[in-house]
Structure formats: structure tokens, C-alpha cells
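Okay, so here's the structure we're looking at.
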Amino acid sequence: MKPENPILTTLSVAAGLLFLSPVLYSVWMSFQTADAFYTGKLVFTLDNYGRAVGEFNFARYLVNSLIVSGLVTVLGITVATLAAFAFARFTFRGGDLMFGATVATLMIPSHISLIPNYLTLAKAGLLDTYAGLILPAISNGFAAFFLRQYIRGIPKALDEAAYMDGATPLTVLWRIIVPLSRPAIASMALYIFITEWNNYIWPLVAVGKQDLYTLQIGLARLYKINPGEGLVDWPLVMAASTITILPVLIGFLLVERHLVRGITMGAVK
Amino acid sequence: MSGIVLRNIRKTYPGGPTVLHDVSMEFHPGEFIVIVGPSGCGKSTLLRLIAGLERADAGEIEIAGKRANDLAPQDRDIAMIFQNYALYPHMSVRENIAFGLELRGMPRAERNRRAEEVAHMLQLDAYLERKPAALSGGQRQRVAMGRAMARNTSTFLMDEPLSNLDNALRVAMRTEIKELHRQLGATIVYVTHDQTEALSLADRVAVMKDGHLQQFDRPEAIYDRPQNRFVASFLGVPPINFIAADRLPGWQGMQGLTAGLRPDILTVHTERPARPALEARIVLSEMTGSDLLLHCDSPAGRLTVTTPRRERMLAADPLWISYDLDRTLFFDNDSGERVDLERNVHSIFNTEE
């Protein structure tokens, strides 16, 4: 490693602080009381978290978000991996067409499918259920495409060796392809999780019952119901925001190493 | 023990050329078969068809007396060693060797014992817990063999297993494979483009070109009695000399034939011998150790001769090259097939002398 350049180090720290400042500011604000905040005094309190979790139901929203994003991630990555394996390794009638169609879905803005999805789920009686929140999100064209490209980079001779060893296609997938695709799968899982965690429009459309609100909906409602007697209770909103971003932040830090490797993996073989 | 029968196998890749044209062969149990040919001759495809990794468009594959065309690879009781070894990079040597046993439901303790046994046979004991990335080329090759051996199958398919090794290691591993074949008594079908491997390993050699089987016989027969010009030229180092038959002393007027003279049936004389001989001049000499390889120009064309090292030979100018008539091969110019002229040759030769 080269010796550290003090100018570069200073600039990096400054840039880091700049990017982090809104987050740091909101976290700092979340520990203030509303009165003190507006009058310019500083009083440390955990009340905002207590109120967000208790009075404003954020514990429930957090659980909902974890259930929805968690299941979307698990189911989505399973479907995407199966599809990617089929696209990468098998020639079948209509296979190219199906792959083309999968890639084409990347070009369709998600809002276009909003109404068809809503009508389908309404007909199936799945509005206002977890299934209604989860099902439309588990088919992910980008993840299928990304994983297919990754799997194509794994020598096919490994599959063939496993078949000779007595494996079935699913054994090959589970014992050979999945372990070797771990960085790519981890990246995609995190990507799907974050996308779903931050999803606002679909939960807004698909769910009316407060019990099924996710954090994003809860946050928006919190802002709207304006609990601060004429003023927005910003410290409360910031406490809720902190609750919202914290799980993603932790997840990102856990998988970050894989994520970077996964994204650059396709570039240089 | 299982024999393998191939009957009129045809294979065309979608949108590509036909890679196998009506190939028929029979491998007996316990035989060491080498399929040899230049790249693109269909030899690897043939192996993959036997393995079940590809399907034949026409023809029958029979393994152990049963039609195997529709059997999945895992149901054929065949092990395969791949050219690039195809070791599972995320598994240790032990896991690589035992994977096939695990898939067949062997209990852990038993498969561990078997893996250790195989590793010991291949001198891999010290590397059992290593991943393939931490092994040398030769060790990886051995693991690939171990993986195939662990399952105790009656047939092994080997797709150019030595082509990624350096020369010294290749020679050493060749001996080991031959030794293993003797120990295991299994049928081995071995694909290579290296004719030295073919001749030194095989009980029988199948020579292929452009998807056609050219000849299938014992190595001695392939070398001494090649079916056609291609087989004669493909096997043998240094390569066989071809000259028009009517340019050979004693053969004037013999139209439409090419004579094939292997470098080792030619004898160099510094004086004109009593037997028919060609006058020649040395263009280039190569020292190969005990022998000399002489490239000579003669009225009949360029000839390569192997001869024991004798310095005075290099100074001779001109020198004379005679040939062993019994081992001279003749090929029809149009068809390229070998023509058996033995009787005629002798009568002509005797009258000449």
C-alpha cells in the first residue's frame, strides 16, 4: 500500500462527512425533545423512539417490513436463481424468447404494472394481505439476468462432472452452482431487500389496513398526521426515520464486501 | 465388467456440421482403447456420447449388453476424467473424491475411508483437506483420477487428461495410468490428439478424421499396416516420408501409387550399396540423443531418415539411402487407401536383384 496522502485523506473524510451529514443530523435530532428543538435548547431524550414504537405503531411496521422484505428476498432470489440456472444451462423450446422477455421487463417502468397487479390481486382477493404485498415483487427480471450472466461464467464441465458423479439437475444447482455463485447471490439478495424495503408505491396501493403498513407507509403517515400541534414534530419523524434506515444499514455493512465483489465480478473474469 | 458397443452413431450439432458419420466400434471389457485424431475429428464428441452428456442423432450405444441411448449419465456406471479436470473448486480434495459416493448414499464414515484409500493409491494423502486451487497441475490431475476411481466403476472415460501437464509430468502420468489400468482391470476409453500417448497406452487404437473412423486396430497393426495415407501420416514420429512410387529405385513405371517410407526403415550408406538405393544430399541434421535425424534431398523428393550417430556420415556427399522393402507401404493416389503389393513387390524386387 502506498503511504497515505494527507490531502487525500482530509478530502475523503470531508466528503464522507458531507454525505453522512443528513443522516447524522437526523439521528442527532431524533434524540431531542420537540419543544427544546424549536426553542433552540438541547435536551437529550429517548422519548421520540418510545412514542414512535408505542404510540405510532412503528414496532408493528418494522415487523411488517421485515416480513415483507425478508420473504420477497428469499422467494425472489430462489425464483431468480432457478430461472438463471435454466437460462444459463439448458436449451429448450422458446428458451431464448423467454430470456428476451425477462430482459425486456427491465425496460418497463414499475408504475405501469401497478394497475394490472392491483386488479389481479383484487380478483384473487389478496389485497390487504401479506401475500398481496409479497407476490408481485418476487419475480425480478434484473436478478434473473444478472445471475444468469454469472452462472454462464462457471465452467459447464463442473456440471458435467457432477452429472457423471450421479447428480440430478437440482443437485447440481444446489451443490455446485449456488456455492460458486455466493457473491452474486448475496449481492442480488441485498439489492432485492433494499429495493423492497424502500418500496413505497406498492404497499400504499395494496394495503389499507393499518396492521399491514410497512415502515415507508408509516413514515409518510406520521409526517401527514402532524402530531406537533400545528408544527411537524421533526424529532419524532427523525426517530421513525432512524428506525427505518437502521436495518438496511446493518444489512449493507454485513454484505458489503460480497456486494462489491459481485458487482465487479462480471467485468474481469 | 461391461463392454461398450457403438453402432452407426451419427451426430450433428444444431446449425453445425455433422461431427460423426456412422461410427461403429466395439470395446471389450477391460480393454484400454485410445481414440486419436486431429482436433475437430469428433473424438471428444464420441466420448461425450458414451458418457451420456450428448445424445446421438442416430445409431445405438450399448453398455454392458443394454441399450444406453436414453440413459442419463448417472445411470451408466461410467466415470469420466475431463481435460481441465473439472474439480469442484469449493470442495476439498476429500470432498471432491467422495462427492460421487455421497450422491449415491454411502454413509459418511465409509466414504471417508474410501476417499482416503483412493488418495493413498494416488499419493494424495497429504492433500486431503486442501482445495483444488492450492494444488499443482499434476496433483489436480490425480484428484480428477481419484474422483473417477472412488466409485469403483467398470468403465473410465478420459478426455485428453494429460494435455494440460508439462512434458516430464505427462510421461510420468502416462506410466501411472497404464499401471492403474492393470490394477483396476477396468475398461478405459481415452481420447487424445497425441499419437505417442495413443501408441504407448492402447490395447487398441481408433484413428478418426472428420467424423469418420479410419482404422481401429492394435497399435502395432496401425503403425505397420495403416489403412490409408492419413493414418500412416498421423501416427509415427518423425513422420512417414511419401514419394511417388515410380521414383523409387526398381519401381520405374509403377503409376498411380505413392510409397510410404517410415524414417526407421531407411538405411544410410556412405558408398553405393548393392541393393536399390536413392542418391541423396543432407540438407539438415538433427541430434536426438542416441540417433541422428537426417533431412535429405533426393531425386525422389525430401526424405527424413533416422540413423545411429556416426560422424563420418555427416561428411559423406553424396550418400545413399536404401529401404526395407518388406516394410514399405504403398497407397493408391486416388483413394489414399493402402494397396497390398507384397507378393508383386517381392517378385519385382527379386528380379531386380
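The values are calculated or read from the model by the stated rules, or taken from the named source; none is laboratory data. This is a predicted model, so every value here is computed, not measured. Using ideal geometry, Cβ is built from the backbone for each residue, glycine included, and neighbour counts are taken over all protein chains shown.
Restricting attention to segment B:150-167, which residues are hydrophobic (A, V, I, L, M, F, W, C), modelled with pLDDT of 85 or more and not in a strand (DSSP E or B)?
If the condition is that a residue be hydrophobic (A, V, I, L, M, F, W, C), modelled with pLDDT of 85 or more and not in a strand (DSSP E or B), then B:Ala150, B:Leu162 are the ones that fit.
Specify the residue that is farthest from the other protein chains (Cβ to nearest Cβ); the eligible residues are those in segment B:57-67 that are of a type in the set (A, V, I, L, M) and outside any loop (DSSP other than H, G, I, E, B).
Per the criteria, the residue is B:Ala58.
Given the residues A:Ser26, A:Ser12, which is the only one that is of a type in the set (Gly, Ala, Ser), surrounded by 11 or more Cβ atoms within 10 Å (Cβ to Cβ) and modelled with pLDDT under 90?
Residue meeting the stated conditions: A:Ser26.
Yes or no: A:Ala144 in contact (Cβ under 8 Å) with a residue 12 or more places away in the chain, over 30 Å from B:Thr153 (Cα atoms) and touching an Asp or Glu at 6+ places or on another chain (Cβ under 9 Å)?
No, not satisfied.
I need the full set of residues from segment A:42-71 which are without any contact (Cβ under 8 Å) to a residue 12 or more places away in the chain, small (Gly, Ala, Ser) and part of a helix (DSSP H, G or I), in order please.
Matches in segment A:42-71: A:Gly50, A:Ala59.
Of the numbered conditions (1) acidic (Asp, Glu); (2) in a strand (DSSP E or B); (3) within 14 Å of another protein chain (Cβ to nearest Cβ), B:Glu54 fails exactly one; give the number of that condition.
(2)
Looking at B:Gly40 and the list (1) among the small types (Gly, Ala, Ser); (2) on the phi > 0 side of the Ramachandran plot; (3) within 14 Å of chain A (Cβ to nearest Cβ); (4) surrounded by fewer than 23 Cβ atoms within 10 Å (Cβ to Cβ), which single condition is not satisfied?
Among (1) among the small types (Gly, Ala, Ser); (2) on the phi > 0 side of the Ramachandran plot; (3) within 14 Å of chain A (Cβ to nearest Cβ); (4) surrounded by fewer than 23 Cβ atoms within 10 Å (Cβ to Cβ), the lone unmet condition for B:Gly40 is (3).
Within segment A:177-200, track down each residue that is surrounded by fewer than 19 Cβ atoms within 10 Å (Cβ to Cβ) and either part of a helix (DSSP H, G or I) or of a type in the set (A, V, I, L, M, F, W, C) (or both).
Residues satisfying the conditions are A:Val178, A:Pro179, A:Arg182, A:Ile194, A:Thr195.
Could you tell me which residue of segment A:164-184 is farthest from the other protein chains (Cβ to nearest Cβ), considering only residues that are small (Gly, Ala, Ser) and in contact (Cβ under 8 Å) with a residue 40 or more places away in the chain?
Residue satisfying both the conditions and the ranking: A:Ala184.
Which fully enclosed strands (runs of 3 or more DSSP E) of segment B:240-292 have 1 or more residues being aromatic (Phe, Trp, Tyr) and surrounded by 15 or more Cβ atoms within 10 Å (Cβ to Cβ)?
Per the criteria, B:241-244.
Could you identify the single residue in B:Ser298, B:Ser322 that is under 20 Å from B:Ser233 (Cβ atoms) and of a type in the set (Gly, Ala, Ser)?
On inspection, the qualifying residue turns out to be B:Ser298.
Among what's in segment A:231-269 and is more than 20 Å from the chain's Cα centre (by Cα) and more than 23 Å from A:Phe44 (Cα to Cα), pick the residue that is modelled with the lowest pLDDT.
A:Lys269
Please state which one of B:Ser92, B:Ser44 is more than 26 Å from B:Arg204 (Cα to Cα) and of a type in the set (S, T, N, Q).
Just a single option satisfies the conditions, and that option is B:Ser92.
Condition check: surrounded by fewer than 20 Cβ atoms within 10 Å (Cβ to Cβ), more than 14 Å from chain A (Cβ to nearest Cβ) and under 20 Å from A:Leu158 (Cβ atoms). Does B:Arg130 satisfy that?
Yes: the conditions hold for B:Arg130.
Output yes when any residue across segment A:49-62 is polar (S, T, N, Q) and loosely packed, with under 14 Cβ neighbours inside 10 Å, and no when none is.
no
Residues being in a loop (DSSP other than H, G, I, E, B) and either surrounded by 13 or more Cβ atoms within 10 Å (Cβ to Cβ) or touching a helix residue (DSSP H, G or I) at 6+ places or on another chain (Cβ under 8 Å) (or both): count how many of those fall in segment B:293-311.
3
Within segment B:68-113, can you find the residues that are assigned to a loop (DSSP other than H, G, I, E, B), among the small types (Gly, Ala, Ser) and facing chain A (nearest Cβ under 8 Å)?
B:Ala72, B:Ala86 - these are the residues of segment B:68-113 that are assigned to a loop (DSSP other than H, G, I, E, B), among the small types (Gly, Ala, Ser) and facing chain A (nearest Cβ under 8 Å).
Mind telling me which of the residues A:Gly141, A:Gly228 ends up being surrounded by fewer than 21 Cβ atoms within 10 Å (Cβ to Cβ), at pLDDT below 90 and away from chain B (no Cβ under 14 Å)?
Sole residue among the options that is surrounded by fewer than 21 Cβ atoms within 10 Å (Cβ to Cβ), at pLDDT below 90 and away from chain B (no Cβ under 14 Å): A:Gly228.
Name the one entry in A:Glu196, A:Glu160 that is among the charged types (D, E, K, R) and in contact (Cβ under 8 Å) with a residue 40 or more places away in the chain.
Only one candidate qualifies: A:Glu196.
If you go through segment A:113-132 one residue at a time, do you hit one that is closer than 22 Å to A:Val248 by Cβ, more than 14 Å from every other protein chain (Cβ to nearest Cβ), surrounded by 20 or more Cβ atoms within 10 Å (Cβ to Cβ) and touching a residue at least 24 places away in the same chain (Cβ under 8 Å)?
Within segment A:113-132, not a single residue is closer than 22 Å to A:Val248 by Cβ, more than 14 Å from every other protein chain (Cβ to nearest Cβ), surrounded by 20 or more Cβ atoms within 10 Å (Cβ to Cβ) and touching a residue at least 24 places away in the same chain (Cβ under 8 Å).
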